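The values are calculated or read from the model by the stated rules, or taken from the named source; none is laboratory data. Bear in mind that the values here come from a model prediction, so they are computed numbers and not experimental data. Counting neighbours? That spans all protein chains shown, and the Cβs are built from the backbone with ideal geometry, glycine included. For accessibility, only protein heavy atoms count, side chains too; no ligands or nucleic acids. Shrake-Rupley method; radii C 1.70, N 1.55, O 1.52, S 1.80 Å.
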Amino acid sequence: MVSTESNFKTYQIPATVSAFLARTHQLFIDGQFIDASDGGTVAVIEPSTTEQVSTIASATVADLDKAVAAARREFDGGTWSQLTPLEREALIHRLADLIEENATDLAYLETIDVGKPLAEAEMDIQGTLDTYRYFAGWASKISGRSGEAAGLPGDYVTYTRKEPVGVVGVIVPWNFPLQTLAWKLGAALAAGCTTVVKPPEVTSLTALRFAELVKESGIPDGVVNILTGKGSTVGAALAAHQRIDKVTFTGSTNTGKSVGHAALENMTRMTLELGGKSPVLVFADSDLDKAVEEVAMGIFFNAGQICDAGSRLYVEDGIYDEFMGKLVEHTKTWVLGPGLEADSTIGPLVSENQLNSVMGMIQSGIDEGATLLVGGNRVDRTGYFVEPTIFGDCNNQMTIVQEEIFGPVLVAQRFSTDEQAVELANDNQYGLAATIYSQNLNRVHRLSKVLKAGSVYVNAQSSIDPAMPFGGFKNSGFGRDLGPEQLDSVTETKTVWITLS
Ligand code: NAD
């Protein structure tokens with residue numbers, strides 16, 4: 001371990017992590033680490049200190065073409081295409097083993113890059129591992145079905161084949177960079193696809209360490225290509241590329257729409273996991289103390305930079321004052337600080353842009369007349385720190401209630417009936433998740449049915465597991481990641497008819 005001076009305290013990072021940061025990182029194309037064709041680079045800024053900690057390459061469209069050509073070759077008859085499903089499964093497991101062996105370094109890199117507390121980064125790495133292991137097992141289990149014609153006269157043998165969709169373009173956001181990458185890659189590799197990945201420009205470090213592990217795993221060159229760089233150039237060019245077969249995107253709704261338009265031009269298949277503004281309904285019959293802690297966790301975890309953050313709170317009239325009082329007191333116990341400090345429970349926002357955007361939304365809440373109950377300030381020290389913030393007395397006409405803030409900002413209001421709660425919850429462009437706190441089983445089932453959201457969490461926040469699908473209704477996108485449902489999006493279904501007479 002070596003010491004690194006931060007603006008706060010001295011903290012320790014593993015020597016292997018320091019050495020990794022000290023290098024200038026290259027693109028990973030066809031199994032080789034190479035500079036961008038024009039020599040372009042991007043500075044990596046640590047959000048806790050605002051200092052440059054590393055340098056990465058900025059890919060060009062020419063680099064992208066090279067990566068797509070390698071992925072194409074591997075898919076269209078290359079080594080990868082000739083492996084058996086069990087051989088693919090073994091390679092994905094080998095990759096997972098390497099991630100496990102390097103889990104500590106990966107967690108440190110994620111914390112330094114994103115700013116999140118180390119304990120949260122460790123959970124991300126565990127989620128990453130679980131995802132690869134889950135999908136590894138699917139490689140040998142993806143299969144079509146035999147069937148019988150229902151009305152067509154004649155004698156046939158009919159069956160379906162599930163064939164890998166082809167070269168998959170992968171574009172991921174900065175909030176859970178390595179874990180989101182696993183969501184996309186796990187299924188694609190299990191199905192036999194090849195991939196070209198565009199990590200988020202502000203948090204690419206773990207994807208680059210991952211590239212080294214891909215090389216070490218023995219996965220053939222060209223199957224996984226990783227091109228760091230700008231979304232507006234290499235990301236946009238990937239979505240519009242004529243030689244890819246599918247694009248899987250996680251990010252904001254606006255960018256997702258432009259990715260979707262570009263993909264549609266070529267009939268490229270697409271999965272879009274987009275933004276959210278997820279409602280949390282707290283009923284008087286719920287376990288209030290448990291709900292207080294979990295509601296705070298649902299919005300302050302990862303400094304609120306979570307797509308399915310429970311960011312709109314609706315509390316039943318009779319308990320509103322008591323619940324909000326407890327929630328405000330609990331919020332004051334959250335400790336802001338760099339992710340590498342042991343006692344930090346909430347880190348900085350990822351970038352100056354994100355800081356400015358969140359502070360702008362807080363100001364809009366104040367201007368619109370919401371009551372600031374706690375927080376609301378940028379912290380007076382180096383780093384992109386914003387206090388955990390709660391607004392009360394909100395209404396659904398306010399911008400802070402309708403728009404995704406993607407920061408540690410909760411907006412709360414009252415409701416008096418189940419019907420009103422559902423109406424308020426559904427009155428939003430997004431539909432990623434919704435949460436219900438109640439002990440009333442009848443109500444829970446009734447509301448789970450009518451809430452317009454891809455996931456409904458009951459008496460818990462953000463339960464995510466590789467075996468269960470995740471994705472959105474409405475402007476939160478379409479398609480699902482995770483679970484067997486995701487395999488449909490990385491395969492094409494072919495129907496074979498054999499006429500016997
Ligand atoms: P973003 O849309 O700005 O960027 C996402 C990715 O797209 C990045 O890799 C970026 O470089 C790339 N990109 C940017 N412009 C592009 C373009 N024109 N064409 C192609 N790619 C481009 O999103 P972000 O700020 O990184 O992430 C935050 C957003 O992601 C939030 O809206 C959040 O809700 C959403 N998100 C959704 C999910 C989900 O599963 N639904 C999960 C995490 C984050």
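For the reader, a short list of remarks on this structure follows.
- Paramagnetic label zone (point 7 Å from Cα along Cα-to-C-beta, Trp497; backbone N under 19 Å) in the stretch 154-174: 154-162
- Cα-based shape type of the stretch 343-464, given that a ≥ b ≥ c are square roots of the gyration tensor eigenvalues and the cut on a/c is 1.5: prolate
- Links that overshoot a 29 Å alpha carbon limit, given the list Lys257/Lys326; Lys277/Lys326; Lys162/Lys230; Lys215/Lys246; Lys290/Lys452: Lys257/Lys326; Lys162/Lys230
- In the chain, a dipole from Cβ-located charges (positive for Lys and Arg, negative for Asp and Glu) runs towards its positive end, and of Ser357, Ala182, Ser438 it is Ala182 whose Cα lies farthest in that direction.
- For Lys141, the aspartates and glutamates whose Cα comes closer than 12 Å to its Cα, not counting residues fewer than 8 places off in the same chain, are Glu89.
- Remark on the stretch 21-60: hydrodynamic radius 10.8 angstrom, per the Kirkwood mean of 1/r across alpha carbon pairs.
- The chain shape via C-alpha gyration tensor axes, a/c threshold 1.5: oblate
- Values of log10 I(q)/I(0) for the stretch 222-376 across q = 0.16, 0.18 Å⁻¹ run -1.02, -1.14, by the Debye formula with one identical scatterer at each alpha carbon and no solvent.
- Mean-position separation - Cα centroids, the stretch 133-163 and the stretch 55-106, in angstrom: 28
- Anisotropy class of the stretch 7-144 from Cα gyration tensor, a/c 1.5 cut: oblate
- Extending 7 Å from Cα along the Cβ direction at Ser416 and again at Ala22 yields two label points whose distance is 6.8 nm.
- Taking Cα centre as origin and charging only the Cβ of basic (Lys, Arg, +1) and acidic (Asp, Glu, -1) residues, the dipole magnitude of the chain rounds to 1260 debye.
- Between the listed residues Gly347, Asn396, Thr382, the Cα displaced farthest toward the positive end of the dipole of the chain, a dipole computed from Cβ unit charges relative to the Cα centre, is found at Asn396.
- Ligands, DNA and RNA excluded, the heavy atoms of Thr160 present near 30 Å² of accessible surface to a 1.4 Å solvent probe.
- Each Lys and Arg Cβ is given +1 and each Asp and Glu Cβ -1; about its Cα centre, the stretch 21-138 then shows a dipole of about 320 debye.
- Reach of Lys66 by Cα under 18 Å, taken over aspartates and glutamates that are not fewer than 8 positions away in the same chain: Asp30, Asp35, Asp38, Glu74, Asp76, Asp221, Asp245
- The alpha-carbon of Lys116 sits under 13 angstrom from the alpha-carbons of these aspartates and glutamates, leaving out residues fewer than 8 places away in its chain: Glu46, Asp124, Glu341, Asp343.
- Accessible area ranking (1.4 Å probe, heavy atoms, ligands and nucleic acids excluded), largest first, for Met468, Met324, Met270: Met468, Met270, Met324.
- Accessible area (Å², 1.4 Å probe, nearest 10) - Glu273: 10
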